[in-house]
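**Student:** Here you go, one structure.
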Amino acid sequence: MKKVYVNEDWCLGCHLCEYYCSFANSGESNMIKAFNKGKKTTPRIVVEEGSAINFAVQCRHCDDPLCVKGCISGALSIQNGIILVDDTKCVGCYTCVLSCPYGCIVTDHEKVIKKCDLCASNSGTPACVQGCPNAAIVFEERS
Amino acid sequence: MNYLIIGNSSAAIGAVEGIRQVDSTNPITIISDEPHHTYGRPLISYWLEGKLSDEKMFYRPQNFYEKNNCKLLLGTKVTAIDIEAQVVQLQDTSFIEYDKLLIATGSRPLMPPVPGLEQVKNKFSFMTYDDAKAIKAILKPDSKVLIIGAGLIGLKAAEGITKTTSDITVVDLADRILPSILDSEAAQIIQKHMEQKDIRFILNNRVDSFSSDTATLSSGETLDFDLVIVAVGVRPNVELAKEAGLAVNRGILLDESCKTSDANIYAAGDCTESMDITTGEQKILALLPNAYMQGEVAGICMAGGQKTYTHAIPMNAIGFFGLHMITAGTYDGEAVVTHSNESFKKLVFKDNVLKGYMMIGDVKRAGIYTSLIKEQVSVSKLDLELLHSKPQMMLFDKARRLEKLGGVHNEN
């Protein structure tokens, strides 16, 4: 299955992936509207910045996902290899935040939890990959 | 092959999903003394609070049993297991045969032997959907509620009823709330937060006796109440296993494949003991993720597959009135404490590994710390400054990071 991978040697730390992620999940059709009046929603991808190296991290869509197994409500599930959250069932207990070894469950005040869904509701390449100016984020099949 | 599961909560569902990873056809029978489709047990406080409707209580979709070829016997009690004949006996004295059996009988609330408790008409536990329904049925806006026990269950019950009544008193013998997961400093933060929501705490104290509507504390104080919620702890349901002759300590004893001392019987969840890798001790870890994962391992092994369960640790994620906390591991060791704004964090190190942590407020990416505990990663391999500041993948060296995040695609 195709997943998102980041080549940390190429990542500029520009945070554009975060903006594209926010935009893709904003429900708006144009970026200016999506970020109007500073209302950028929390992205599901996080750029970690170091002194010499940067990289973006988002849900690894594990084959053996601890977040799904630990979910107390059954809100997290695997659908065709993609780990999805059902907002209407999630109570925001954060057991998935406790469980995810990559720190990829995002919490904010907008939703109970957020996580990358590989832009499952759109088709094709995830927005973070499309928007990366240096091709540091790729969407591909790896063994 | 004929699978039988006693229980219908997380461990049982984990077992069904484990079995079906290996064996997609042979029938599974599930027996539960509760009358409900599988539901998220910790959701009962959210339901009581009105945050969740009945239809959102279900842990798996309505077609779960049908899809997994499970026969469901609800409201049915198992009275005995005959390990020689490989049958279980039901309340109505009928028998059900099995080739592989899972015991996922969970735990039940402990009722303290306090004089007079038996004459209290409105007393409740807070473990089941039916408990929550019974409380909701009699709770009124002017109800005076006394909660015995300031642990996870007692405090979730308190939160669950605050929208209905504001007269809530919690009594605990311990000197702090949530004594099983928090130290004094952390407990103070949560206690203050809950007191701001009008929940009253009486700690270092106990109920010496009850009348039908009053409780007399050891301090001499008398409290009036309309209902009492008893949440002083749970006891594992191990009687069936014990009477069948299986090896039982406080909980049912298991090997790494979650098999009991009988080759055809597995067990999972609150009725079992796990090895806590932070201390090397066998203990009951009555936690939902633990139950699911033991159940899944048991299911896979019952169906002839191979999987082991070896990374168990105590861990909890819970929140009260919007204040979240995540805790994991054990706290014996050298502590590094940081405070910032409204957040509190304590990391505990021993033998060169992270043994435990508590985070309150800012709990972002806590799972990275959990993974360090479970994998017993030597901290000498980590960037300590980054480790102390916040959980992040950057604290691993490059090779480890690439391994974890999927490696770099090599064009050549």
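The values are calculated or read from the model by the stated rules, or taken from the named source; none is laboratory data. Since we're looking at a predicted model, the values are computed, not measured. As a convention, Cβ positions derive from the backbone with ideal geometry for all residues, glycine included, and neighbour counts pool all protein chains shown.
**Student:** Within segment A:1-52, track down each residue that is hydrophobic (A, V, I, L, M, F, W, C), without any contact (Cβ under 8 Å) to a residue 24 or more places away in the chain and surrounded by 17 or more Cβ atoms within 10 Å (Cβ to Cβ). Explain how you work it out, then say what you get.
**Tutor:** Let us first name the residues in segment A:1-52 that are hydrophobic (A, V, I, L, M, F, W, C), namely A:1, A:4, A:6, A:10-12, A:14, A:16-17, A:21, A:23-24, A:31-32, A:34-35, A:45-47, A:52.
Checking which are without any contact (Cβ under 8 Å) to a residue 24 or more places away in the chain leaves us with A:31-32, A:34-35, A:52.
Within segment A:1-52, just A:Ala34 meets the criteria.
Yes/no matrix, rows are residues, columns are (1) outside the structural domain of B:Lys259 (by TED's automatic domain parsing); (2) touching a strand residue (DSSP E or B) at 6+ places or on another chain (Cβ under 7 Å); (3) surrounded by fewer than 24 Cβ atoms within 10 Å (Cβ to Cβ):
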residue	(1), (2), (3)
B:Ile277	no, no, yes
B:Gly280	no, no, yes
B:Tyr292	no, no, no
B:Ala298	no, yes, no
B:Ala312	yes, yes, yes
B:Asn316	yes, yes, yes
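**Student:** Given (1) more than 30 Å from B:Tyr46 (Cα to Cα); (2) part of a strand (DSSP E or B); (3) out of contact with any helix residue (DSSP H, G or I) (no Cβ under 6 Å at 6 or more places or on another chain), identify the lone condition not met by B:His339.
**Tutor:** Evaluating B:His339 over (1) more than 30 Å from B:Tyr46 (Cα to Cα); (2) part of a strand (DSSP E or B); (3) out of contact with any helix residue (DSSP H, G or I) (no Cβ under 6 Å at 6 or more places or on another chain) leaves (1) as the failure.
**Student:** Continuing with the same structure: Inspect segment B:262-272 for any residue being within 13 Å of chain A (Cβ to nearest Cβ), in contact with a strand residue (DSSP E or B) (Cβ under 7 Å, 6 or more places away or on another chain), buried (at least 24 other Cβ atoms within 10 Å of the Cβ) and small (Gly, Ala, Ser) and give the result as yes or no.
**Tutor:** There is at least one residue in segment B:262-272 that is within 13 Å of chain A (Cβ to nearest Cβ), in contact with a strand residue (DSSP E or B) (Cβ under 7 Å, 6 or more places away or on another chain), buried (at least 24 other Cβ atoms within 10 Å of the Cβ) and small (Gly, Ala, Ser).
**Student:** Ok, one more. Conditions: (1) within 13 Å of chain A (Cβ to nearest Cβ); (2) within 23 Å of the chain's Cα centre (by Cα); (3) of a type in the set (Phe, Trp, Tyr). B:Phe396 meets all but one. Number of the miss?
**Tutor:** (2)
Yes or no, residue by residue, for (1) among the β-branched types (Val, Ile, Thr); (2) under 29 Å from B:Lys56 (Cβ atoms); (3) at pLDDT below 95; (4) buried (at least 17 other Cβ atoms within 10 Å of the Cβ):
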site	(1), (2), (3), (4)
B:Cys70	no, yes, no, yes
B:Gly75	no, yes, no, no
B:Thr93	yes, no, yes, no
B:Ile96	yes, no, no, yes
B:Asp130	no, yes, no, no
B:Lys136	no, yes, no, no
B:Gly151	no, yes, no, yes
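**Student:** Can you confirm whether segment B:383-392 contains a residue that is within 10 Å of chain A (Cβ to nearest Cβ), in a strand (DSSP E or B) and crowded, with 18+ Cβ neighbours inside 10 Å?
**Tutor:** Keep residues of segment B:383-392 that are within 10 Å of chain A (Cβ to nearest Cβ), which gives B:383, B:386, B:390-392.
If we keep only those that are in a strand (DSSP E or B) as well, we get none.
So far as segment B:383-392 goes, no, none of its residues is within 10 Å of chain A (Cβ to nearest Cβ), in a strand (DSSP E or B) and crowded, with 18+ Cβ neighbours inside 10 Å.
**Student:** Give the residues of segment B:97-138 that are among the basic types (Lys, Arg) and touching a Phe, Trp or Tyr at 6+ places or on another chain (Cβ under 7 Å), sorted by residue number. Give the steps one after another, and end with the answer.
**Tutor:** Quick first cut of segment B:97-138, residues among the basic types (Lys, Arg) only: B:100, B:108, B:121, B:123, B:133, B:136.
The one that is among the basic types (Lys, Arg) and touching a Phe, Trp or Tyr at 6+ places or on another chain (Cβ under 7 Å): B:Lys100.
**Student:** Given B:Asp183, B:Asp208, which one is over 24 Å from B:Leu287 (Cα atoms) and either not small (Gly, Ala, Ser) or not assigned by TED's automatic domain parsing to the domain that holds B:Ile326 (or both)? Steps first, please.
**Tutor:** Values: B:Asp183 fails: over 24 Å from B:Leu287 (Cα atoms).
None of the others qualify; the one that does is B:Asp208.
**Student:** Something else: Can you tell me which residue within segment A:92-126, out of those that are aliphatic (A, V, I, L, M) and more than 19 Å from A:Asn54 (Cβ to Cβ), is farthest from the other protein chains (Cβ to nearest Cβ)? Quick ask: steps written out before the conclusion?
**Tutor:** Taking segment A:92-126 as the starting set, the residues that turn out to be aliphatic (A, V, I, L, M) are A:97-98, A:105-106, A:112-113, A:118, A:120.
Next, only the ones that are more than 19 Å from A:Asn54 (Cβ to Cβ) stay: A:97-98, A:105, A:112-113, A:118, A:120.
On the way: A:Val97: 5, A:Leu98: 4, A:Ile105: 7, A:Val112: 10, A:Ile113: 11, A:Leu118: 14, A:Ala120: 18 Å.
Step by step, filter segment A:92-126, then rank; the result is A:Ala120.
**Student:** Quickly run through segment A:75-89 and pick out the residues that are facing chain B (nearest Cβ under 10 Å) and surrounded by fewer than 20 Cβ atoms within 10 Å (Cβ to Cβ).
**Tutor:** Initially, segment A:75-89 is screened for residues facing chain B (nearest Cβ under 10 Å), giving A:75, A:77, A:86, A:88-89.
Hits for segment A:75-89 are A:Ser77, A:Asp86, A:Thr88.
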